[in-house]
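Asks: Before I ask anything, let me first share the structure, which is written out below as structure tokens.
A short reminder: the numbers here are calculations on the coordinates, not readings from a lab. Because the structure is predicted, anything quoted here is derived from the model rather than measured. Ideal geometry is used to build each Cβ from the backbone, glycine not excepted, and the neighbour counts take in all protein chains shown.
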Amino acid sequence: MKMTTNTHAFAQDLLHFIDASPSPWHAVHTTQQRLIAEGFIALNETESWQLKAGSRYFVTRCDASIIAFTIGQKPLLETGFRMVGAHTDSPSLRLKPHAAYSTNNLLRIGVEVYGGPILATFTDRDLSIAGRVMVRTTSDFEARLVKFDDAILRLPNLAIHMNREVNDKGLVLNKQTELPLIFGESDVGIEAEQQFLAHIAAELKVKIEDILTFELNVFDTQKGTFWGKDQAYIANSQLDNLASCHAAIEALVASKNSGSTSLCALFDHEEVGSESATGANGSFLADTIQRITANQGLSEEEKCRALANSFFISADMAHAFHPNHPNAYEPCHHAQVNHGVVIKTNVNQRYSSNADTAARFIQLCESAKVPYQQYAHRTDLGCGSTIGPMIAANLGVPSVDVGCPMWAMHSIRESAGVLDHTYMFEVLKRHFS
Ligand code: CO
């Protein structure tokens, strides 16, 4: 495949999706809007479902995870589920409940570290906050999304004159004392927390006393961009793993009138171990599958048969070879940016791929005319994991771990390839068709 206006337009669409999705709650909201525009019907977990062959649906849990699916025209028992999974969360900083406090006349915002970000990359960036706020209503409360488009927070570096060894030893930040973000000068006589909540209240046009609680994520206001020769690369925050979410949803949207039942599951909490009601190790996917099979009139035994006949693709980003650090990589397993989708293998089952599922994925690539690469981590380095192994374990479905190669995983500004994003879309579309 060559770089074309189509491959660039698709990567541009990804950058817009990420820019509109600075928190998992925003990512789910943006995805919902996209699905509604394409005729998907919203389901609610608390209500009864009536599913029709050929129709398309989605359901959310806790505003942070979403499962979209289409009921195929062929019997589910015959086709099984064609599934793709990815995650909506990214490593970051999250605000503590009483976030704002005042020291030395400055308002500071206390944060917790979410997952494993490269903390040094958060310094000197134009930061802001986005997330969900629980607001009192006359009878109850409701979740409201909030996002400040202007840069309102900052983590300035200490000048090199006070940190002479920073270029030799690297930037090390104490998570408790050296991560609080600067918000502004504190107003005399007003409690710090009230000053901060006033900003959220004004943005949401509600009273401060009606803000019950919140979950707020720190994000970089800099928009996504293309870079490099022929503008062949993209840079943005959260490419891990909003790039896979975007490719998966677009592939599902594009696979109209498919005979088989297709499903995209996008989970929160992957970066912190997936152990939650919304996480991949929770019941969300199993519950949804149970309801679909029951709706289609399958018995428990037939459900097991349908699952055994299913295929799950765990899509999460992969480590691209970095030419400045050749010793960080296993020989013969250098994944190159813009050279195709990466199949990830780990004998200790940190990835769910095995010879059977990898072969199946290779054949999907071949039929979609998409190049693929193989990745294994250096033996003396611990490798990350994905949602693949836990989904495979919980559901007993054949599963493979794949992803697009990227640089600077878990930096606040990550990089990947324009072509690889279209490759991922094409192979997932083939999987659903
Ligand atoms: Co990831």
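Asks: Between segment 271-296 and segment 178-240, how many Å separate their Cα centres?
Replies: So the two Cα centres are separated by 31 Å.
Asks: With +1 on each Lys and Arg Cβ and -1 on each Asp and Glu Cβ, how big is the dipole of segment 92-220 about its Cα centre, in debye rounded to the nearest 20?
Replies: Rounded to the nearest 20 debye, it is 220 debye.
Asks: Another one. Taking the Cα atoms only, what angle lies between the long axis of helix 239-254 and the longest principal axis of the chain, rounded to 10 degrees?
Replies: So the helix axis and the longest Cα principal axis differ by about 40 degrees.
Asks: Assuming R0 = 30 Å, what is the FRET efficiency of residue 301 and residue 47, from their Cβ-Cβ distance, to the nearest 0.05?
Replies: 0.65
Asks: Once you treat every alpha carbon in segment 165-296 as an equal point and sum by Debye, what is log10 I(q)/I(0) at q = 0.13, 0.22 Å⁻¹?
Replies: Computed log10 I(q)/I(0) values: -1.03, -1.33.
Asks: Let me ask something else. In degrees from 0 to 90, rounded to the nearest 10, what is the angle of the helix 24-37 Cα long axis to the longest principal axis of the chain?
Replies: Here the helix axis deviates by roughly 50 degrees.
Asks: By how many nm would the segment from residue 104 to residue 3 lengthen if fully extended, with 0.36 nm per residue of separation less the alpha-carbon distance?
Replies: Working it through step by step, the gained length comes to 31.0 nm.
Asks: What are the ³J(HN,Hα) couplings of segment 164-174, residue after residue, when phi is run through the Karplus curve with 6.51, -1.76, 1.60 and θ = phi - 60°? Round to Hz, x for glycine and proline.
Replies: 4, 9, 4, 7, 9, 10, x, 8, 10, 10, 6
Asks: At a Förster radius of 22 Å, what calculated FRET efficiency corresponds to the Cβ-Cβ distance of residue 367 and residue 308, to the nearest 0.05?
Replies: Result of the calculation: an efficiency of 0.45.
Asks: Got a sec? How would 264, 332, 304 order by Cβ neighbour count within 10 Å, fewest to most?
Replies: Result, fewest neighbours first: 332, 304, 264.
Asks: Same structure, new question: Extending each Cα 7 Å along its Cβ direction at residue 272 and residue 381, get the distance between those two points in nm, one decimal.
Replies: 2.7 nm
Asks: What is the count of Lys pairs in segment 92-220 whose alpha carbons sit under 18 Å apart, if the two are 8 or more places apart or on different chains?
Replies: So the count works out to 4.
Asks: Cross-link candidates for residue 2: which lysines have Cα within less than 25 Å, leaving aside residues fewer than 8 places away along the same chain?
Replies: Qualifying lysines at Cα under 25 Å: 229, 344, 369, 429.
Asks: Once amide H atoms are built 1.01 Å from N in the peptide plane, which residues 5 or more positions from residue 100, or in another chain, come under 5 Å H to H?
Replies: Hits under the 5 Å cutoff: 110.
Asks: Run the dipole for the chain about the Cα centre, Lys and Arg Cβ at +1, Asp and Glu Cβ at -1, nothing else charged, and hand back the magnitude in debye, nearest 20.
Replies: 960 debye
Asks: Now, a different point. Enumerate the lysines that residue 52 could reach by cross-link, defined here as Cα to Cα under 16 Å, with residues fewer than 8 away along the same chain left out.
Replies: 74, 256
Asks: Same structure, new question: For the chain, what proportion of DSSP beta bridges, expressed in % and rounded to the nearest 5, is antiparallel?
Replies: 70 percent
Asks: To the nearest Å, what is the center-to-center distance of segment 303-336 and segment 39-63, using C-alpha atoms only?
Replies: Distance between centres, Cα-based: 31 Å.
Asks: So for each of 411-420, 82-91, 231-240, 279-288 I average, over its residues, the number of other beta carbons within 10 Å; can you give me the resulting order with the highest mean first?
Replies: 82-91, 411-420, 231-240, 279-288
Asks: Another question, if that's okay. Suppose only helical runs count, i.e. DSSP H with n ≥ 4. What mean residue ellipticity at 222 nm does that imply for the chain under -39500 (n - 2.57) per run, divided by all residues and rounded to the nearest 500 deg cm²/dmol?
Replies: Per the formula, -8500 deg cm²/dmol.
Asks: Right, something else. What order do you get for 43-55, 380-392, 65-77 when each peptide is scored by the mean count of other beta carbon atoms within 10 Å, highest first?
Replies: 65-77, 380-392, 43-55
Asks: Moving on. Hull surface divided by four, with the convex hull built on the Cα atoms of the chain: how many nm²?
Replies: Averaged projected hull area, Cα only: 22.8 nm².
Asks: Comparing 219, 148, 361, which has the greatest mean-square fluctuation in the GNM of the chain with Cα pairs linked when under 10 Å apart?
Replies: 148
Asks: Follow-up. Could you order peptides 151-158, 312-319 by the average number of other Cβ atoms within 10 Å of their residues, highest first?
Replies: 312-319, 151-158
Asks: From the phi of every residue in segment 212-228, what ³J(HN,Hα) in whole Hz does the Karplus formula 6.51 cos²θ - 1.76 cosθ + 1.60 yield, where θ is phi - 60° and glycine or proline is x?
Replies: So the J values, rounded to whole Hz, are 7, 5, 7, 10, 10, 10, 8, 9, 8, 6, 5, 6, x, 8, 8, 8, x.
Asks: Roughly how tilted is helix 355-368, in degrees to the nearest 10 and between 0 and 90, from the longest Cα axis of the chain?
Replies: Orientation of helix 355-368: about 90 degrees from the principal axis.
Asks: Still on this model: Note down the nm distance, to one decimal, between modelled labels 7 Å out along Cα→Cβ at residue 162 and at residue 325.
Replies: 2.8 nm
Asks: In addition: Which far-off residues, 5 or more places away or on another chain, put their amide H under 5 Å from the one on residue 262, with H placed in the peptide plane?
Replies: Answer set, sorted by chain and number: 70, 72, 82.
Asks: With point charges of +1 on the Cβ of Lys and Arg and -1 on the Cβ of Asp and Glu, referenced to the Cα centre of the chain, which listed residue (283, 158, 327) lies farthest in the positive direction of the dipole?
Replies: 327
Asks: Working out 0.36 nm times the residue gap between residue 205 and residue 336, then minus their Cα-Cα distance, what length gain in nm do you get to one decimal?
Replies: Working it through step by step, the gained length comes to 42.4 nm.
Asks: Mind listing the Cα extents of segment 92-220 along all three principal axes, in Å, largest one first?
Replies: Principal extents (largest minus smallest coordinate, Cα): 58, 34, 23 Å.
Asks: Here is a further query. Expressed as a rounded percentage, what relative contact order does the chain have, with Cα pairs under 8 Å and six or more residues apart?
Replies: RCO, the chain: 23 percent.
Asks: Select from 170, 135, 106 the residue farthest towards the positive end of the dipole of segment 92-220; place +1 on Cβ of Lys and Arg, -1 on Cβ of Asp and Glu, and compute about the Cα centre.
Replies: Highest projection toward the positive end goes to 170.
Asks: Something else: Taking segment 265-371 on its own, what percent of its Cα-Cα pair distances exceed 19 Å?
Replies: In whole percent, the share of Cα-Cα pairs in segment 265-371 beyond 19 Å is 62.
Asks: Could you give the dipole magnitude of segment 29-137 about its Cα centre, charging the beta-carbon of Lys and Arg +1 and that of Asp and Glu -1, in debye to the nearest 20?
Replies: Charge dipole of segment 29-137: 100 debye, to the nearest 20.
Asks: Continuing with the same structure: May I ask you to compute the full-extension gain from residue 150 to residue 190, defined as 0.36 nm times their residue separation minus their alpha-carbon distance, rounded to one decimal in nm?
Replies: The span from residue 150 to residue 190 would gain 12.0 nm if fully extended.
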